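Note sheet for the following structure.
The values are calculated or read from the model by the stated rules, or taken from the named source; none is laboratory data. Just so you know, these numbers come straight off a predicted model, no measurement behind them. Note that we place each Cβ from the backbone using ideal geometry, even for glycine, and neighbour counts take in every protein chain shown. Just so you know, the surface numbers come from the protein's heavy atoms only, side chains and all, with ligands and any DNA or RNA stripped out. Shrake-Rupley method; radii C 1.70, N 1.55, O 1.52, S 1.80 Å.
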Amino acid sequence: MQKSLFRKGLLDSLPICISFFLIFASIGALYQNKGLSLIETMTGSILIFAAPLQVAVVNYLADGVFFSIIILTLIINFRFFLMSMVMSQYFQDIPKSKILLSMLAFSASTYTVTHAHLTSSSIYDGKSQFNYYLGVSIPSFIIAILATLLGYLSSDYLNYDSISLFLVMLIPIHFSSLAAKRSGKDLSVFATLIGGVCTPLINEINIQLIDIAIPIMVGVAIAFYELKFRKDA
C-alpha cells in the first residue's frame with residue numbers, strides 16, 4: 001500500500017518535474033547572467049526552493065539590498081505558513097525529524113498536488129500520506145537542483161532577454177494551473193492570472209520597492225472583496 005502510494009506520487013510529480021526543469025534551468029541561467037556565484041545560485045535552489053522568490057530577489061541579491069530581500073521573503077513565502085498549518089493535519093506518527101528533513105522539498109507545487117490527492121482519496125494513515133508526499137516531492141526537488149546547475153553552466157549559450165521573458169510567462173502559467181487544481185469559490189485562479197499579467201508591466205516601472213507595494217495592495221483589495229462577497233452571500 002505504502003509503496004504503491006510512493007509510486008503514485010512519482011507519477012503525479014511528472015507535470016511538476018517538467019515545469020521545474022524549465023523554470024529552474026532558467027533561474028540558474030538568470031543568476032549567472034546577474035553575476036551571482038554558482039554557490040549562491042545552488043544554495044538558493046536547495047534551501048529556498050521557491051521559484052517566485054528566487055526570481056523576485058535576484059536583482060536585490062546582485063545589488064546587495066538585503067532589507068528588500070527580507071521584506072520580499074516575508075511577503076512571498078508567508079503562504080508557506082498557511083500551507084504548513086494545513087499540512088499539520090497529515091503525517092501522524094511520523095518522527096518529526098523525518099518530517100523536518102522532508103520539508104526541504106516542500107513547495108507550493110508539491111503541497112498542492114499532495115493536499116489535493118490526500119483530500120480526494122481519503123487517505124488517513126500517516127505513513128501512507130507521507131509516502132505519497134515523498135513520491136511527489138523528492139523527484140521534484142532533485143529535478144529542480146539539477147536543472148539549476150544545468151542552467152547556470154549553460155547560460156553562455158542562452159539569450160538573457162529570452163530567459164527573462166520565458167520566466168515571466170511560464171511561472172504564472174504553472175501556478176495558475178496549480179491554483180485551478182485546488183480552486184473553489186475563492187479568487188485564487190483570478191489572483192494568479194492577474195499576477196501573471198501585471199508582472200511584466202511592474203518590471204518596467206523603475207520605482208524602488210514597487211514590486212513589493214503593488215502585490216500587497218492587490219492582495220488587500222482581493223481579500224476585502226472576498227470578505228464582502230461572503231457577507232452578502
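Things to note:
- Subset of segment 1-58 [of a type in the set (Lys, Arg) and either touching a Leu at 6+ places or on another chain (Cβ under 8 Å) or surrounded by 19 or more Cβ atoms within 10 Å (Cβ to Cβ) (or both)]: Lys34
- Among residues of segment 69-96 that are touching a residue at least 12 places away in the same chain (Cβ under 8 Å), those with a Cβ under 7 angstrom from a residue that is of a type in the set (A, V, I, L, M) and exposed (fewer than 15 other Cβ atoms within 10 Å of the Cβ), sequence gap 6+ or separate chain, pair up as Ile75/Ile216.
- Top-ranked residue of segment 116-142 - restricted to ones that are small (Gly, Ala, Ser), part of a helix (DSSP H, G or I) and without any contact (Cβ under 8 Å) to a residue 24 or more places away in the chain, ranked as most open to solvent (accessible area, probe 1.4 Å): Ser120
- Lone unmet requirement of (1) on the phi < 0 side of the Ramachandran plot; (2) open to solvent by 30 Å² or more (accessible area, probe 1.4 Å) for Asp93: (1)
- Test: residue in segment 151-170 that is of a type in the set (D, E, K, R), in a helix (DSSP H, G or I) and at pLDDT below 85: yes
- Check on Ala116, at negative phi and touching a Lys or Arg at 6+ places or on another chain (Cβ under 6 Å): yes
- Residue in segment 98-115 that is buried (at least 18 other Cβ atoms within 10 Å of the Cβ), farther than 22 Å from Val136 by Cβ and in contact (Cβ under 8 Å) with a residue 24 or more places away in the chain present: no
Here is a yes/no grid of residues against (1) on the phi < 0 side of the Ramachandran plot; (2) touching a residue at least 12 places away in the same chain (Cβ under 8 Å); (3) of a type in the set (A, V, I, L, M, F, W, C):
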residue	(1), (2), (3)
Ser4	yes, no, no
Gly9	yes, yes, no
Cys17	yes, yes, yes
Phe21	yes, yes, yes
Ile27	yes, yes, yes
Lys34	yes, yes, no
Leu38	yes, yes, yes
Met42	yes, yes, yes
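- Ser13, sole failed condition from (1) touching a residue at least 60 places away in the same chain (Cβ under 8 Å); (2) farther than 16 Å from Thr114 by Cβ: (2)
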